[in-house]
Structure formats: C-alpha cells, structure tokens
Amino acid sequence: VGYAICLMDIYMGMYYNTIIGWALYYLIASFQSELPWTQCTNIWNTPDCRPVTELTPNFTASSPAREFFDFRVGLFLVVERRQEHWQGGLDNSTRPLRGPDHSPSAGGIPPRGGGRHPLLPNPRLGQAVHLQGVDSAASQIFFSLGPGFGTLLALSSYNKFNNNCYRDAILTSTINCLTSFLAGFVIFSVLGYMAHVQQKSIEQVGLEGPGLVFIVYPEAIATMSGSVFWSIIFFLMLITLGLDSTFGGLEAMITALCDEYPRALGRHRETFVAVLLFGIYICALPTTTYGGVYLVNMLNVYGPGLAILFVVFVEAAGVCWIYGTDNFARDIEKMIGHRPGIFWRICWKYISPVFILASAKILFLFFSLLSHEQMLGTEYAYPEWSLKVGYVLTASSIICIPIYVIYKFVITPGSLVQVFPSGG
C-alpha cells in the first residue's frame with residue numbers, strides 16, 4: 001500500500017504543478033488595469049471571439065476567457081491573429097490547441113432551459129448515478145481530506161504519542177464537510193449567474209476540471225465590479241491551495257521512503273529530495289506542450305483518480321479485518337485514555353470498508369476503465385494509445401499490492417497455511 005501511495009503521489013505531482021503554473025500565470029496577468037480576458041481586442045483573439053454578454057445560446061462564438069486559456073495560457077507565447085486554427089491534442093503535442101470553431105463552444109446543441117438546485121435531486125436519475133459522478137464524489141472525499149495519499153500518516157507521525165487523535169479526526173472531518181458544503185453553494189451560484197448571463201443551461205456552462213477554474217470563474221470575475229481585485233484574490237487562493245496539496249503529498253512520500261530506508265535515503269534526505277523533484281519536473285514537462293491540458297486530465301483520472309479507491313479499501317481492510325478492530329481500538333485507548341465507542345468500531349469493521357468497496361466497484365473495475373468517455377469527458381476524443389497508457393498508470397499503483405503479497409509469501413518460510421495471517 002505504501003509503494004502504491006508513493007506512485008500516486010508522483011502522478012499527482014506531475015500534473016498538479018502544471019495547474020499551479022496556470023494559476024500563477026493568471027495571477028500575474030491580473031495585475032493590470034483591465035483583465036486581459038475581458039475584451040476580444042487582444043492579439044491572440046480570433047474573429048469568432050465575443051464578450052460573455054454577447055454570446056448567443058446557439059454557441060456560434062467563443063468567449064475571451066476561453067481564448068485566453070486556449071491561445072494565451074495554453075501556448076505561453078504571443079501569436080499573430082490568424083484565420084486558420086490548427087488542431088492540437090496528444091497526437092499533435094507540437095501544434096497549437098484547436099481554435100474556437102473546433103472547440104466545444106461551437107456547433108453545440110441549443111439549451112433545454114432551466115437550472116439545477118444544489119440540494120435537490122437530479123430529475124434525470126440515469127445521469128446522476130453514472131460512473132463519473134460516483135467516482136468523482138468518492139475520489140473528492142479522499143482528495144480533500146487526505147486519507148489514502150499518506151499525507152495524514154506522514155504528518156501525524158510527528159505528533160506526540162498522547163495526542164488527542166479522536167478530537168483531531170472529528171474536527172478535521174467536520175471542517176472539511178462544512179467547507180465543501182459552502183463551496184457547493186459558491187460554485188452553483190457562479191454557474192447559475194453565468195447561465196443567466198449567457199442564456200444557457202447550467203450543463204452547458206458548467207465545464208469540469210480546468211475549464212471550471214480557468215474559464216468559467218474568470219468569465220464571472222470579469223463581469224464584477226473591482227474585477228482586478230477579485231481576480232488577484234481568487235488565483236492567490238488557488239495557488240495556496242495547490243501548494244498545500246502538492247507539499248502534503250510529496251512530504252508523505254519523502255517521509256515514508258526516508259523512514260523505510262534510513263541509511264540509503266534518510267541520511268541523504270536533501271539529495272534524495274532534489275533528485276526526486278527534478279525527476280518529477282522532467283516527467284511533468286509534457287503537460288506544458290500544446291496537448292498538455294488533455295494530458296493533465298488523463299493523469300488526473302487514470303493516475304490517482306481510480307486507484308485511490310482501491311488503495312483506501314485495502315488500507316481499511318488491512319487495519320479493520322486483518323490487524324483487527326479490537327486491537328486498533330486498544331491502541332487508541334493507550335493514546336487518548338479511553339476506548340472508542342461501539343459506533344466507531346461498527347463503522348471501521350463494516351460500514352466504511354463496505355462503502356469504500358462499493359465506491360471502488362472492484363468487481364466492475366474493468367468496466368469503469370473501459371467507460372473512458374464518461375470519465376475523461378467528450379470535449380476531446382482521446383487516441384487509443386493514450387487510453388492504454390491510462391490503464392497502465394492505474395495498474396502500476398494497484399499492482400504494487402498483490403506483487404508485495406506474493407513477494408512476502410515467497411520469502412517467508414513455511415507452508416501456505418502457516419504463512420497466511422490468522423488475524424490473532
């Protein structure tokens with residue numbers, strides 16, 4: 001499990017730093033008298049560009065914010081305005097991103113009207129329970145709270161033995177849930193406002209992933225009074241959040257490996273960190289090419305996105321079913337002075353592992369992998385070779401667990417019955 005977590009942290013570092021780089025670029029660009037994605041008069045804009053307030057429901061034009069992300073941030077250079085638009089992608093990483101006439105904002109389907117309340121159920125139940133929604137919801141919990149990535153394990157290793165871990169767990173989980181609840185209202189309010197301005201439905205405005213953060217939100221900020229100030233505050237917040245996630249994940253991996261190999265790595269921690277970060281930097285360079293935005297999405301889905309569910313289930317099963325809930329409860333009692341209640345022991349032994357197992361859909365893992373359109377989105381048709389690479393990324397971390405199990409069985413003397421742990 002530890003080695004699987006280390007691989008997932010590496011994959012996350014490969015694309016997360018690129019997202020931080022985009023946010024830093026937006027932050028620097030915000031220090032102007034007018035935000036550069038407000039008007040269509042910049043040299044990177046195309047003739048199809050229209051201000052947000054002038055976009056028609058039939059999607060015959062693109063917004064300044066979209067073109068700023070595609071043709072300015074995506075290229076990191078100033079290009080001459082040109083009529084032809086080249087196709088960009090994973091197969092054409094040395095060519096610019098596709099223009100607005102090929103973008104998802106062109107030639108779309110007219111809106112069906114109406115929005116969606118964040119607390120009301122989706123009337124189209126079939127879409128509400130498809131794979132992407134379930135996987136994204138489960139994965140987001142692990143991304144926001146940190147279990148499964150080793151962050152909490154690494155940071156808690158610096159605590160005193162008698163630290164009140166029970167209080168910390170309750171406080172951290174409560175704050176995280178309340179923050180996510182508040183963020184939901186913030187996101188839906190912005191999406192609803194932009195849907196009203198553009199006379200579209202929320203489904204057509206609400207892009208996912210980088211599109212939500214770097215296109216929809218900048219569009220909304222550009223229409224506010226004092227847009228420069230709000231843009232600086234927003235992207236500064238985004239950078240701090242990204243740095244926090246990146247530092248946490250890498251610190252977990254560095255701490256684990258240095259503790260596991262104290263002589264080889266622990267004594268040379270600074271050198272190990274320098275080599276590790278340089279390696280991640282080299283591996284992340286492809287995400288800065290013209291097809292980098294699609295590579296970021298693929299790394300996000302196939303890197304930690306799917307594997308984290310399986311890894312967390314193995315963690316829960318290992319602690320609660322193999323090590324034993326009673327042993328775990330006794331350890332906590334030694335630390336905080338009292339034994340966890342029956343509610344927590346039931347959750348650890350039954351509710352949490354079963355819920356995680358259902359979320360991971362281990363029996364239907366291959367089905368989830370094959371449904372790549374639902375997870376990667378329909379904005380770009382990924383080439384077949386990239387999907388195979390995605391499968392390898394997911395399997396590379398998951399395979400660490402059975403390989404290590406086989407390895408321990410091989411090196412441990414005795415028969416299979418003698419070697420297999422009894423849980424006692």
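The values are calculated or read from the model by the stated rules, or taken from the named source; none is laboratory data. The structure presented is a predicted model; accordingly, all values stated were derived computationally and were not measured. Cβ atoms come from the backbone with ideal geometry, glycine included; neighbour counts cover every protein chain shown. For accessibility, only protein heavy atoms count, side chains too; no ligands or nucleic acids. Shrake-Rupley method; radii C 1.70, N 1.55, O 1.52, S 1.80 Å.
Give me the residue from region 310-348 that is of a type in the set (D, E, K, R) and over 28 Å from Ser396 (Cα atoms) and, out of that set, surrounded by the most Cβ atoms within 10 Å (Cβ to Cβ). Walk me through it before giving the result.
Keep residues of region 310-348 that are of a type in the set (D, E, K, R), which gives 315, 326, 330-331, 333-334, 339, 345.
Narrowing further to those that are over 28 Å from Ser396 (Cα atoms): 326, 330-331, 333-334, 339, 345.
Details: Asp326: 12, Arg330: 13, Asp331: 10, Glu333: 12, Lys334: 10, Arg339: 14, Arg345: 16.
The extreme case among them is Arg345.
A quick yes/no check of all residues on (1) surrounded by 19 or more Cβ atoms within 10 Å (Cβ to Cβ); (2) under 30 Å from Lys334 (Cβ atoms):
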{"position": "Tyr158", "(1), (2)": "no, yes"}
{"position": "Phe161", "(1), (2)": "no, yes"}
{"position": "Asp168", "(1), (2)": "no, yes"}
{"position": "Thr174", "(1), (2)": "no, yes"}
{"position": "Phe185", "(1), (2)": "no, no"}
{"position": "Val190", "(1), (2)": "no, no"}
{"position": "Val216", "(1), (2)": "yes, no"}
{"position": "Ser245", "(1), (2)": "yes, no"}
{"position": "Glu251", "(1), (2)": "no, yes"}
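Selection of region 1-59 for residues being open to solvent by less than 40 Å² (accessible area, probe 1.4 Å), within 30 Å of Gly279 (Cα to Cα) and hydroxyl-bearing (Ser, Thr, Tyr) yields Tyr11, Tyr15, Thr18, Tyr26. For region 220-237, give me the residue count where each residue is in contact with a Ser or Thr (Cβ under 6 Å, 6 or more places away or on another chain) and open to solvent by less than 30 Å² (accessible area, probe 1.4 Å). Here the count works out to 3. Among the residues of region 29-52, write down those that are over 19 Å from Thr223 (Cα atoms) and not polar (S, T, N, Q). Residues satisfying the conditions are Ile43, Trp44, Pro47, Asp48.
When residues in region 254-267 are screened for being surrounded by 14 or more Cβ atoms within 10 Å (Cβ to Cβ) and farther than 29 Å from Gly21 by Cβ, 1 of them pass. Taking region 214-234 as the range and being under 16 Å from Val186 (Cβ atoms), assigned to a helix (DSSP H, G or I) and not β-branched (Val, Ile, Thr) as the test, the residues that pass are Tyr217, Pro218, Glu219, Ala220, Trp230, Ser231, Phe234. Of the helices (runs of 4 or more DSSP H) lying entirely inside region 363-413, the ones with 2 or more residues being surrounded by 11 or more Cβ atoms within 10 Å (Cβ to Cβ) and modelled with pLDDT of 85 or more are found at 384-398, 400-411. Among the numbered conditions (1) over 24 Å from Gly148 (Cβ atoms); (2) touching a residue at least 12 places away in the same chain (Cβ under 8 Å), the only one that Met224 does not meet is (2). If you go through region 158-175 and keep only what is closer than 26 Å to Asp259 by Cα, under 30 Å from the mean Cα position of the chain (by Cα) and without any contact (Cβ under 8 Å) to a residue 24 or more places away in the chain, you end up with Tyr158, Asn159, Asp168, Ala169.
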